[in-house]
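Below are the structure tokens for one structure; questions will follow.
The values are calculated or read from the model by the stated rules, or taken from the named source; none is laboratory data. All of these numbers come straight from a predicted model, not from anything done at the bench. So basically every Cβ, Gly included, is an ideal-geometry build from the backbone, and we count neighbours across all protein chains shown.
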Amino acid sequence: MSNIFTMCFVENNNQLLLQKRMKKPFKGLWNAPGGKVEAYESPIEACKREIQEETGLDLDNVNFRGIITVTNAHQKRSDVLMLFHAKEVSGSICSSDEGEVAWVETEKIYSYDNTPDSFTYLLPYILETDSTLTGKMIYNKKKLELFDITI
């Protein structure tokens, strides 16, 4: 059985909201916040809830940006990742037990060595286009082996 997850790229004045993950996958790395879609939730409801719980921010306007399957070749399992983008938020950021959160200058993110490869690959598709994305990522033993995106 696969799970459905959300990932939200939240922008504010040339900055992106990142979260230092406290749990697997990507424990200790900075990534866009998000999480699992729970029973009786739509993906956009889950996205808004996860952002509020993990960062303290309320999303005023959220755009659906795409869907990607994420496969762990070792476990022969695929999950679904729903991508969202928001530029309108309210509230003040605060960290949670899910991880530390911070606004980071977008241009600096590309030179970070503490973000997952998949995040760095996705970032320009989210920030530099308005298109809907579809694709797949395949991991083998925690290493990204395939990143295939269609706009």
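Do we find a residue being more than 23 Å from ASN14 (Cβ to Cβ), in contact (Cβ under 8 Å) with a residue 60 or more places away in the chain and loosely packed, with under 15 Cβ neighbours inside 10 Å anywhere in the stretch 69-76? It would help to see each step written out before you state the result.
Step one: of the stretch 69-76, the residues more than 23 Å from ASN14 (Cβ to Cβ) are 69-76.
With the extra rule that they be in contact (Cβ under 8 Å) with a residue 60 or more places away in the chain, the set shrinks to 69-74.
Next, only the ones that are loosely packed, with under 15 Cβ neighbours inside 10 Å stay: 73-74.
Yes.
Which count do you get for residues in the stretch 59-88 that are touching a Ser or Thr at 6+ places or on another chain (Cβ under 9 Å), within 17 Å of LYS48 (Cα to Cα) and at pLDDT 95 or above?
Looking only at the stretch 59-88, we keep the residues that are touching a Ser or Thr at 6+ places or on another chain (Cβ under 9 Å), and these are 59-60, 64-72, 77-84.
Among the residues that remain, those that are also within 17 Å of LYS48 (Cα to Cα) are: 59-60, 64-67, 81-84.
Checking which are at pLDDT 95 or above leaves us with 59, 64-67, 81-84.
Residues meeting the conditions: 9.
Filter the stretch 102-118 down to residues that are touching a residue at least 60 places away in the same chain (Cβ under 8 Å) and not in a helix (DSSP H, G or I) and give me whichever is surrounded by the fewest Cβ atoms within 10 Å (Cβ to Cβ). Show your work before the answer.
Here is the first cut: in the stretch 102-118, the residues touching a residue at least 60 places away in the same chain (Cβ under 8 Å) are 102-107, 109, 112, 114-116.
Filter once more, keeping what is not in a helix (DSSP H, G or I): 102-105, 112, 114-116.
On the way: ALA102: 15, TRP103: 15, VAL104: 15, GLU105: 10, TYR112: 13, ASN114: 12, THR115: 20, PRO116: 19.
Here the residue is GLU105.
If you don't mind, another one. Looking at GLU128, is it touching a strand residue (DSSP E or B) at 6+ places or on another chain (Cβ under 9 Å), of a type in the set (Asp, Glu) and either at pLDDT 95 or above or closer than 27 Å to ASP58 by Cβ (or both)? It would help to see each step written out before you state the result.
Working: touching a strand residue (DSSP E or B) at 6+ places or on another chain (Cβ under 9 Å): no; of a type in the set (Asp, Glu): yes; either at pLDDT 95 or above or closer than 27 Å to ASP58 by Cβ (or both): yes.
The answer is no for GLU128.
Which of the following residues is in contact with a strand residue (DSSP E or B) (Cβ under 9 Å, 6 or more places away or on another chain), in a strand (DSSP E or B) and not charged (D, E, K, R): ILE51, ILE67, ILE93? Please lay out each step first, then the result.
Values: ILE51 fails: in a strand (DSSP E or B); ILE93 fails: in a strand (DSSP E or B).
The conditions single out ILE67.
Something else now. Tell me which residues, restricted to the stretch 1-36, are loosely packed, with under 13 Cβ neighbours inside 10 Å, in contact with a helix residue (DSSP H, G or I) (Cβ under 6 Å, 6 or more places away or on another chain) and in a strand (DSSP E or B).
If the condition is that a residue be loosely packed, with under 13 Cβ neighbours inside 10 Å, in contact with a helix residue (DSSP H, G or I) (Cβ under 6 Å, 6 or more places away or on another chain) and in a strand (DSSP E or B), then no residue fits.
How many residues, within the stretch 1-43, are in contact with a Phe, Trp or Tyr (Cβ under 9 Å, 6 or more places away or on another chain) and among the small types (Gly, Ala, Ser)?
3
Among (1) within 14 Å of the chain's Cα centre (by Cα); (2) assigned to a strand (DSSP E or B), there is one condition LEU127 misses while meeting the rest; what is its number?
Just one mismatch for LEU127, condition (2).
When you look at TYR121, is it loosely packed, with under 13 Cβ neighbours inside 10 Å and of a type in the set (Ser, Thr, Tyr), yes or no? Spell out the reasoning first.
Details: loosely packed, with under 13 Cβ neighbours inside 10 Å: no; of a type in the set (Ser, Thr, Tyr): yes.
No.
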